[in-house]
Amino acid sequence: RASTGMPGWLSCMTPDQLMTLCTASIHSSNTGVRVNVVSILGITGSVLAKEDGTLETLKTIGCFLLEVATKDPSLVVAGEALDALFDVFADGKEAERASVQIKLLSALKEFQPVFKMKIRKEGRGKYSPDQLCVLDNVKMNLRRFVAYQETVEKRLTA
């Protein structure tokens, strides 16, 4: 598998096993654990996005990350999940098809104002200046990514 650029550990794990691990870990009370799970999925998905035959796995990863982004109580975890979504669906034929099939664009458009409002409401009291800086970057990248997804969707559904 090294020739495909896939991390070695990934070739030992089925997509189902990976998702089982992530599903169990995402319920941890430790924010750091949840951030790491999301980060692992982002890296995995970005590698798979460039492979053929990964559509279903990408859809699963995308739905999982979307769920975390929109439902995790921590803005830091939600921001990491959004970042991971940007990485997974940034390019690649399979990633583009998967993003359209899971309706990523409409979900992100709906979540965008909610995320901005949460940062405004909770940001100052709960998070460090460094975390707020990262969250502001995520907010800006979300706007750009939505614009990019609009072009992808137009092209694939035309």
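FYI, it's all coordinate maths here, none of it is from the lab. For clarity, every value in this text was computed on a predicted model and none was experimentally measured. Cβ sites come from the backbone with ideal geometry, for glycine too, and all protein chains shown count toward neighbours.
Tabulated values for the structure
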read-out: Within the stretch 70-96, backbone nitrogen closer than 12 Å to the virtual label 7 Å beyond the Cα of Val114 toward Cβ; value: 70-73
read-out: Length-normalised contact order of the stretch 1-148 in % [C-alpha pairs under 8 Å, at least 6 apart]; value: 22
read-out: Rounded to whole Hz, the Karplus (6.51, -1.76, 1.60) HN-Hα couplings of the stretch 123-138, x for glycine and proline; value: x, 4, x, 9, 10, 6, x, 5, 5, 5, 5, 4, 5, 5, 4, 4
read-out: Among Lys59, Lys103, Lys126, residue whose mean-square fluctuation peaks in a GNM of the chain (springs only between Cα atoms under 10 Å); value: Lys126
read-out: Counting all C-alpha pairs of the stretch 75-158, share separated by more than 19 Å (%); value: 38
read-out: For the stretch 29-90, the spread of Cα positions along each principal axis, largest first, Å; value: 35, 18, 16
read-out: Listed residue (Ala24, Ala90, Ala69) projecting farthest to the positive dipole end of the chain, Cβ model; value: Ala69
read-out: Kirkwood Rh (inverse of mean 1/r, distinct Cα pairs), the chain, angstrom; value: 16.0
read-out: Pairs beyond 24 Å (Cα-Cα), from Lys71/Lys121; Lys71/Lys93; Lys71/Lys139; Lys50/Lys116; Lys50/Lys154; Lys59/Lys109; value: Lys71/Lys93; Lys50/Lys116
read-out: For the stretch 144-157, Karplus couplings with θ = phi - 60° (6.51, -1.76, 1.60), whole Hz, Gly/Pro x; value: 5, 5, 4, 4, 5, 4, 4, 5, 4, 5, 4, 5, 7, 9
